[in-house]
1. Determine, yes or no, whether L79 is at pLDDT 75 or above and in contact with a Cys (Cβ under 9 Å, 6 or more places away or on another chain).
2. Can you tell me which residue within region 15-45, out of those that are at pLDDT below 75 and of a type outside the set (A, V, I, L, M), is farthest from E83 (Cα to Cα)?
3. Right, E83: closer than 29 Å to Y9 by Cβ and under 20 Å from the mean Cα position of the chain (by Cα) or not?
Amino acid sequence: MALDLGGLYEQMLRQHMLASTPALRSRAGETLTETVERGNQIRIKRRECQKLQMKLKKELQFNRKVEINAALRQSRAELAELEQATPIQPDSGNPQAAPRALPATDQAPASPHRC
C-alpha cells in the first residue's frame with residue numbers, strides 16, 4: 001500500500017511493466033529508473049538477436065555463419081542475464097567453483113609401453 005502519490009505511481013508503473021513485459025521483473029534493491037533502463041536494454045538486445053538471426057539465415061558462406069552464430073550465442077546469453085530477476089554474480093568466493101587439483105602421488109603413472 002502506498003502512502004504518497006509517488007509511491008502509488010511507482011507501484012502502478014511496476015504493475016503495468018510486469019503485465020506488458022513478463023520477463024522484466026524488478027531485482028532486489030533496484031529502483032524504478034534502473035528497472036526501466038534494464039527494460040530498454042532488453043528491448044535493444046532482443047532486436048539485436050532478431051537481426052543476427054536474419055543475417056544468419058541469409059548468409060551463404062560457412063565461415064561467416066560461424067562468426068554470426070557465435071555473436072548470436074553471446075547476444076542471447078547477455079539477454080538471458082538481463083531478463084533474470086537476480087543478477088548473476090561471479091563465483092569469486094565459492095571454493096567449489098574453482099577447479100580442484102588432483103591428489104599428488106609419489107609415483108608416476110604406470111604406462112603399458114616402455115621406451
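1. Working: at pLDDT 75 or above: yes; in contact with a Cys (Cβ under 9 Å, 6 or more places away or on another chain): yes.
Against the criterion (at pLDDT 75 or above and in contact with a Cys (Cβ under 9 Å, 6 or more places away or on another chain)), L79 qualifies.
2. Once the filter is applied, the top-ranked residue is H16.
3. yes
Results for (1) exposed (fewer than 11 other Cβ atoms within 10 Å of the Cβ); (2) of a type in the set (K, R); (3) within 26 Å of R14 (Cα to Cα), shown as yes or no for each residue.
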{"position": "G39", "(1), (2), (3)": "no, no, yes"}
{"position": "E48", "(1), (2), (3)": "no, no, yes"}
{"position": "K55", "(1), (2), (3)": "no, yes, no"}
{"position": "E59", "(1), (2), (3)": "no, no, no"}
{"position": "E67", "(1), (2), (3)": "no, no, no"}
{"position": "Q74", "(1), (2), (3)": "no, no, no"}
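The values are calculated or read from the model by the stated rules, or taken from the named source; none is laboratory data. Source: prediction; values computed, not measured. A quick note on method: Cβ atoms are made from the backbone with ideal geometry, for glycine too, and the neighbour counts reach across all protein chains shown.
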